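The values are calculated or read from the model by the stated rules, or taken from the named source; none is laboratory data. As the structure is a prediction and not an experimental result, all values here were calculated from the model. Cβ placement follows ideal geometry from the backbone for every residue including glycine, while neighbour counts extend to all protein chains displayed.
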Amino acid sequence: MPYVNAKQMILDAKEGGYAVPAFNAENLEMVQAIIAAAEKEKSPVIVQTTSPTVNYITLPEAVAMVRAMAMRARIPVALHLDHCTSPDDVATAMREGYTSVMFDGSRLPYQENAEISRRVALLAHDYGVSVECEIGALGGKEDGVGGPSAYTDPDEAGRFARYTGADYLAVAIGTSHGFYKGEPKLDYDRLAAIRDSVGIPLVLHGGSGLHDEQVKKCISLGIAKVNIATELRAAATRAVREALRDESIIDPKKFMGPARDAVEALCTEKIRLCGSNGAARLNYVPFD
């Protein structure tokens, strides 16, 4: 199946009333696990990397790894740059072969965020790449992302989406990066109002640690992409720690294999939660 732009799979999800799962990957084993789970569930899938991750493995290596696995897969796979605050770094990711990018200007004043997001979207569309932008700001902190929260204003979000030409929009409705320290309280009325104002697919960040009922409710109110990162890292790390209780193990395959299995199992759960199982289409246009 081709390596694809994420836009059409997310539009299909919006129309179909489900969400595309977007899983953050840190290494080879996590990419293998994400794509294996999606194949078994016949789900479209987005593999994501943050800026700190690509600083560790580099953009060309991330593209080469994901593209190679995607071309052997029987489901559509997109590669997304998550929460990038530098327009120059976003442009570099496009040139290297990412099929979807996020410019995160949520900490900037509204007009500056809108102007830069618009320029990024115009450039991305020239490259055939889809664009996610953010208005409002999530709380919490993970992998260099986060800070004080600022809920998304529905009317402002509508103006922002129309002006920037973004393909999908990340919104702040009470979710947070990292694991939640208390009970997450989501503003569903705000989400419904944003959906009605914006028109384009919406993205739920801070998906790790939400109750299943909360995720399903958000999808019913317009969320078409659900980001999962922290839970995958935790699952992989637990599996490694458990394997290394056997002090005779020195072969990395003996502890990274269980980590891969743990991530695959969790991805399978999240795919079913998002309702994307069985939704893989075979006629997406390959990304050049």
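The figures follow:
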read-out	value
Unique match (being in a strand (DSSP E or B), touching a strand residue (DSSP E or B) at 6+ places or on another chain (Cβ under 7 Å), in contact (Cβ under 8 Å) with a residue 12 or more places away in the chain and buried (at least 17 other Cβ atoms within 10 Å of the Cβ)) among Val90, Val47	Val47
Filter pass, Glu29 being modelled with pLDDT of 95 or more, more than 30 Å from Arg159 (Cβ to Cβ) and touching a Gly at 6+ places or on another chain (Cβ under 9 Å)	yes
Some residue of region 74-82 being more than 20 Å from Leu232 (Cβ to Cβ), touching a helix residue (DSSP H, G or I) at 6+ places or on another chain (Cβ under 8 Å), of a type in the set (D, E, K, R) and not in a helix (DSSP H, G or I)	yes
Tally, over region 4-16, of residues that are touching a strand residue (DSSP E or B) at 6+ places or on another chain (Cβ under 8 Å) and farther than 14 Å from Ser43 by Cα	4
Which listed residue is within 23 Å of Arg107 (Cβ to Cβ), modelled with pLDDT of 95 or more and either touching an Asp or Glu at 6+ places or on another chain (Cβ under 8 Å) or in a loop (DSSP other than H, G, I, E, B) (or both), from Ile200, Ile249, Ile194	Ile200
All positions within region 166-184 that are at pLDDT 70 or above, on the phi < 0 side of the Ramachandran plot, of a type in the set (Gly, Ala, Ser) and surrounded by fewer than 22 Cβ atoms within 10 Å (Cβ to Cβ)	none
Residue in region 53-76 that is surrounded by 24 or more Cβ atoms within 10 Å (Cβ to Cβ) and charged (D, E, K, R) present	no
